[in-house]
Amino acid sequence: MEILNTINSPSDLRALPLEQMPQLAQEIRAKIIDTVAETGGHLAANLGVVELSLALHYAFNTPQDKIVWDVGHQCYTHKILTGRRDQFSTLRQDGGISGFCNRQESQYDTHTTGHSSNSISLALGMAVARDLSGADYQVAAVIGDGSLTGGMALEALDHAGDLKKPLIVILNDNEMSINGNVGAISAHLSRIRTNPRYARAKSNVRGILSHLPGGESLSALISSLKTGLKSAIVPGMLFEDLGFVYLGPIDGHDIHAMVELFRQAQHMQKPVLIHVRTTKGKGYTPAETFPERWHGASPFYIESGLPKNGKSVSYSEIFGKTLAELADKDTDIVAITAAMGEGTGLSHFCQQFPDRFFDVAIAEQHATTFAAGLATAGKKPVFAVYSTFLQRAYDQVMEDVCLQRLPVVFAIDRAGLVGGDGCSHQGIFDISYLRAMPGMTILAPADGEELKMMLRYAFSLQAPVALRYPRMPARRLEICRPPLQYGCGVKLTEGADAAIFALGSMVETALAVQQRLKEDGLQLRVVNARFAAPLDTKLLDESATACGGRIITLEEGVSSGGFGEACAAALASTIIGKEKQTDIMICALPSAFPPHGERGNLLRAAGLQPDQLAEAIRERWFQDGK
């Protein structure tokens, strides 16, 4: 009999005997594999926490008790158990359920997630609010050892240990973030995992004391010996030194043991950290063998593990290979990643130049200022980072790089819409927040060939440079590519009816719009802007004069503070703009958080597909023909 079909909420789960949990775990693991093989998604992390998720909902009275998932990419079992089993086939699809926790979806999702290292802060805030209100519920944060490398997690541990509020932190230790973990904290956890002397010695001490007369009166001595023993055998005992009761390590696939320990922790009335060891990718051999490759999976064939879609070259791969080629000729080039080496295409660089490759763990703020320090000393640092993750380092980009006018290259991957990863990962704000920074040059390639050109060019500027490129196949466009000139765009087609200034990924769209309107007898000028900052104001003015003041801007970013608004402001401030009427049509994404879904459908929802844009241009200026 299949157990999973009887589970519609955690209360159904808690009605089952613990003996049925292993079978239920097997059924859930099979459902996750079957679904992700069709939809794509985060596979390895979710397979590793099936038993942990079951134990949490079995031991805690959710939704009254609060579970806060760090990042949330490992929440698939949680979703299946909390009333979304029948919707699970819609995972990450248009109109379907999110691949992360989402407050709009369920009362069991305490926070809309996607970024790391914030769970302990959130859980501590909930615990303090609980006590201020006189409420009675448990709060548990589930954080991976990768997320624990983020500075915010350490700040929260420090504060929680000081406040001494009842709070449970569950450290899911699989020795991985997306790539293998690095850093001193990871090494500390490794020592705990691999040193059996502590557990064995503690057991021996308890056995000896239990046979001595007056054993009860030795409780204080036991506590003292316990503290001294931990400090002597497990260096530092970081968590206990921060004010937490440390329990573990425990097998994260032993549901009985976890349920018992979780229940004990609920009665301690103080901060508790439970160290749980899990295997990323558990239950699917390809994911267990290569967990970093199966962190985020495209649709695949279960039997072979091969992708269903044909392999295409990504912008990330082109960036990584080009950077390695440049570094082979220039020993001053160094590469930095914040736990995203493979995702940002730096695998080639890491293999060829290990001494010049730095994975700083999930620490974008540190990565940025570390790059500034390298640049100060004459090196040529490149920080490869997803657009949405660079947001964490806003102050460091402003103060430590731009204010100092240092030549740091920010290789901004996943700039624009990212599809299935959804609202927390959409890289649509970087143009707006980077344009506000004095001295920042922002480049956006129209295709993979321009990405190569721009990366080479970035090193020649001796100034802060942001090079943004999308998450999509890097098709080669049939366009002219003259050498880059600072702040200059390139005319791709001539026309006098209107001019489209397109940035980066939207150049291909602009050319498609131009072809559609050409069929109506309209001649549009298409400009590959190349630069979001500084703007080519000379070409803007000249195009406004040549095209009757009709200018269209096109970008894969939000309108507020974006490329289009900058062009409008530039035109308004010129002599041409003041003396001759200009009419600018800003085509951009709305200032909102787009949901998950296929990129083309998200563009259509924003009116940014070629057929929609062509129709909008006709309606605005050419309803009665030319």
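At a glance:
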item	result
Those helices (runs of 4 or more DSSP H) lying entirely in the range 280-360 with at least 3 residues more than 18 Å from L451 (Cα to Cα)	285-289, 347-352
Meets criteria (touching a strand residue (DSSP E or B) at 6+ places or on another chain (Cβ under 7 Å) and either acidic (D, E) or buried (at least 16 other Cβ atoms within 10 Å of the Cβ) (or both)) for P271	yes
The range 382-429: number of residues that are closer than 30 Å to T331 by Cβ and either β-branched (V, I, T) or in contact with a Lys or Arg (Cβ under 8 Å, 6 or more places away or on another chain) (or both)	13
Lone qualifier among Y301, Y246 - being surrounded by fewer than 18 Cβ atoms within 10 Å (Cβ to Cβ) and either without any contact (Cβ under 8 Å) to a residue 60 or more places away in the chain or not assigned by TED's automatic domain parsing to the domain that holds L56 (or both)	Y301
Matching residues, the range 342-353, being in contact (Cβ under 8 Å) with a residue 40 or more places away in the chain and more than 17 Å from S387 (Cβ to Cβ)	E342
Test: residue in the range 328-340 that is in contact (Cβ under 8 Å) with a residue 40 or more places away in the chain, of a type outside the set (A, V, I, L, M), touching a Gly at 6+ places or on another chain (Cβ under 6 Å) and under 20 Å from A458 (Cα atoms)	no
Qualifying positions in the range 278-334 - over 23 Å from G422 (Cα atoms) and among the aromatic types (F, W, Y)	Y284, F290, Y301, F319
Meets criteria (modelled with pLDDT of 95 or more and either surrounded by fewer than 16 Cβ atoms within 10 Å (Cβ to Cβ) or of a type outside the set (D, E, K, R) (or both)) for G504	yes
Subset of the range 87-144 [under 22 Å from G48 (Cβ atoms), part of a strand (DSSP E or B) and of a type in the set (A, V, I, L, M, F, W, C)]	A140, A141, V142, I143
Selection status of D400, touching a Ser or Thr at 6+ places or on another chain (Cβ under 8 Å) and in the same structural domain as G422 (by TED's automatic domain parsing)	yes
Selection from the range 254-279 of residues that are part of a loop (DSSP other than H, G, I, E, B) and under 29 Å from the mean Cα position of the chain (by Cα)	T278, T279
Residues that are within 23 Å of I33 (Cα to Cα) and in a helix (DSSP H, G or I), drawn from the range 59-83	Y76, T77, H78, K79, I80, L81, T82, G83
Leading residue by the ranking (surrounded by the most Cβ atoms within 10 Å (Cβ to Cβ)) among those in the range 512-541 that are under 33 Å from the mean Cα position of the chain (by Cα) and β-branched (V, I, T)	V513
Set L346, L326, L306: member being crowded, with 22+ Cβ neighbours inside 10 Å and either aliphatic (A, V, I, L, M) or more than 16 Å from V382 (Cα to Cα) (or both)	L346
Within the range 419-438, tally of residues that are more than 19 Å from the chain's Cα centre (by Cα) and more than 19 Å from A529 (Cβ to Cβ)	1
Out of A566, A570, A544, sole residue that is assigned to a helix (DSSP H, G or I), within 37 Å of the chain's Cα centre (by Cα) and in contact (Cβ under 8 Å) with a residue 40 or more places away in the chain	A566
Those residues of the range 523-541 which are of a type in the set (S, T, N, Q) and either farther than 17 Å from M506 by Cβ or not in a strand (DSSP E or B) (or both), in sequence order	Q523, T537
Unmet criterion (only one of (1) more than 30 Å from W621 (Cβ to Cβ); (2) surrounded by 17 or more Cβ atoms within 10 Å (Cβ to Cβ)) for G489	(1)
Selection status of H275, of a type outside the set (K, R), under 28 Å from F239 (Cα atoms) and free of Cβ contacts under 8 Å to residues at least 24 places away in the same chain	no
Single residue of G487, G564, G495, G504 found to be farther than 30 Å from T388 by Cβ and out of contact with any helix residue (DSSP H, G or I) (no Cβ under 7 Å at 6 or more places or on another chain)	G495
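For every residue, the table says whether it meets (1) within 23 Å of Q266 (Cβ to Cβ); (2) at pLDDT below 95.
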residue	(1), (2)
L91	no, no
G95	no, yes
S106	yes, no
S119	yes, no
S133	yes, no
G151	no, yes
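The values are calculated or read from the model by the stated rules, or taken from the named source; none is laboratory data. In this text, all values refer to a predicted model and were calculated from it rather than measured experimentally. Using ideal geometry, Cβ is built from the backbone for each residue, glycine included, and neighbour counts are taken over all protein chains shown.
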